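The values are calculated or read from the model by the stated rules, or taken from the named source; none is laboratory data. Note that the structure is predicted; figures quoted are calculated from it, not measured. A quick note on method: Cβ atoms are made from the backbone with ideal geometry, for glycine too, and the neighbour counts reach across all protein chains shown. Ligands, DNA and RNA are stripped out before the accessible areas are found, and what is left, the full protein with its side chains, is counted by its heavy atoms. Shrake-Rupley method; radii C 1.70, N 1.55, O 1.52, S 1.80 Å.
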Amino acid sequence: MQEKRFSRAIVRRPCRAMTQGITSAPELGKPDHALACRQHDAYLAALERCGLEVTVLPPDEQYPDSCFIEDPALVTRCGAILTNPGAASRNGEKAAVLAALQRFFPAESIAKIEPPATLDGGDVMMVGDDFYVGCSARSNAAGIQRLSEILAGWGLRCHAVPMAEMLHLKTGVSYLEAGRMLVAGEFVTQPLFAQFQRIPVPAEEAYAANSLWINGTVLVPAGYPATARAVAAAGYDLIQLEMSEFRKLDGGLSCLSLRF
Ligand code: CIR
């Protein structure tokens, strides 16, 4: 039976300008917008299959990376946080995301991270009332401090995770609930995660460490068979999704939605 933890998601359609998005892997080529839209359609359908009512924001050609809507915000059971994204070309994405959050949260339940503090939602992993935040190049010490204060005000806890190699915390670790997580690279041996049952993702499948638990089902990128087998063996229902065009911009499954 499906668990019902999340009931909504907000996504943002990929824009044509996505070909100009930030990437650490130019060798993968430029994303194909039409194919990205088809992959996004399948992603939306998967969210709906997991029981979510999905709000779809229109594309914004001003912001090539704006389909990665996880980064300008963080939604908790106590309220939403508008982050202050650490990449200059992405910072303005937050205006439209704030407007979308205002449809679901009263003003007093929306906190903000303000400059010079920076934080990307992709650096924050929710584990019940504990939030692990990666000290990445995008989330600075002031951002992590402010996040910690906001969460503490809501009775939630924050744990800073040192990191050196990956773009975001959730590039390399996904919480699958029930005390289990998928881990890759530098997070395999991270002592802060020692208390969890860690499912290691082999180096050649590191991209699949960004998988996404939604209401008992795990979304896994297609083409990573060892990870799919490990997730299935742990007892989850699986939906495999083509993500090639988002991967070209370092984006994974969690990056494409806000869930709450
Ligand atoms: C960026 O570099 O910001 C985008 N190209 C990818 C963002 C991926 N988002 C995420 O990991 N939460």
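Miscellaneous remarks
- For the pair Ala178 and Glu61, a Förster radius of 51 Å applied to the C-beta separation gives a FRET efficiency near 0.80, rounded to the nearest 0.05.
- Largest first, the three principal axis extents of the alpha carbons in segment 139-260 are 40, 31, 30 Å in whole numbers.
- Cβ-placed point charges (K, R +1; D, E -1), dipole of segment 8-259 about Cα centre in debye, nearest 20: 280 debye
- Placing +1 on the Cβ of every Lys and Arg and -1 on the Cβ of every Asp and Glu, with no other charges, gives segment 147-260 a dipole of roughly 220 debye about its Cα centre.
- Among the lysines of the chain, pairs at least eight places apart or on separate chains and with Cα atoms under 29 Å apart come to 11.
- Percent antiparallel among DSSP beta bridges (both partners in segment 8-259, rounded to 5): 40 percent
- Solvent-accessible area per residue for segment 41-133 (1.4 angstrom probe, square angstrom): 37 Å²
- Helical mean residue ellipticity (222 nm; -39500 (n - 2.57) per DSSP H run of 4+; nearest 500) of the chain: -6000 deg cm²/dmol
- Restricted to Cα atoms, segment 1-44 shows a radius of gyration and a Dmax of 14.4, 42 angstrom.
- Share of Cα-Cα pairs in the chain lying beyond 26 Å, as whole percent: 34 percent
- For the options Pro85, Pro115, Pro59, a Gaussian network treatment of the chain with springs between C-alpha atoms closer than 10 Å singles out Pro115 as fluctuating the most.
- Segment 114-260, relative contact order in percent, only Cα pairs under 8 angstrom and at least six apart counted: 17 percent
- Contour excess over end-to-end distance, with Cα ends at Leu98 and Ser244 and 0.36 nm allotted per residue: 49.7 nm
- Note on Ile22 and Glu108: the extension gain reaches 27.6 nm, defined as 0.36 nm multiplied by sequence separation minus the Cα-Cα distance.
- P(r) tail, segment 103-169: Cα-Cα pairs separated by more than 18 Å, 36% of all pairs.
- Whether segment 1-97 is rounded, prolate or oblate, judged on the alpha carbon gyration tensor where a/c under 1.5 counts as rounded: oblate
- With eigenvalues of the C-alpha gyration tensor scaled by 5 and rooted, segment 52-191, Å: 23, 18, 16
- Arg8/Ala88 FRET efficiency (R0 25 Å; Cβ-Cβ; nearest 0.05): 0.25
- Dipole-positive endmost among Gly153, Ala117, Gln197 within the chain (Cβ charges, Cα centre): Gly153
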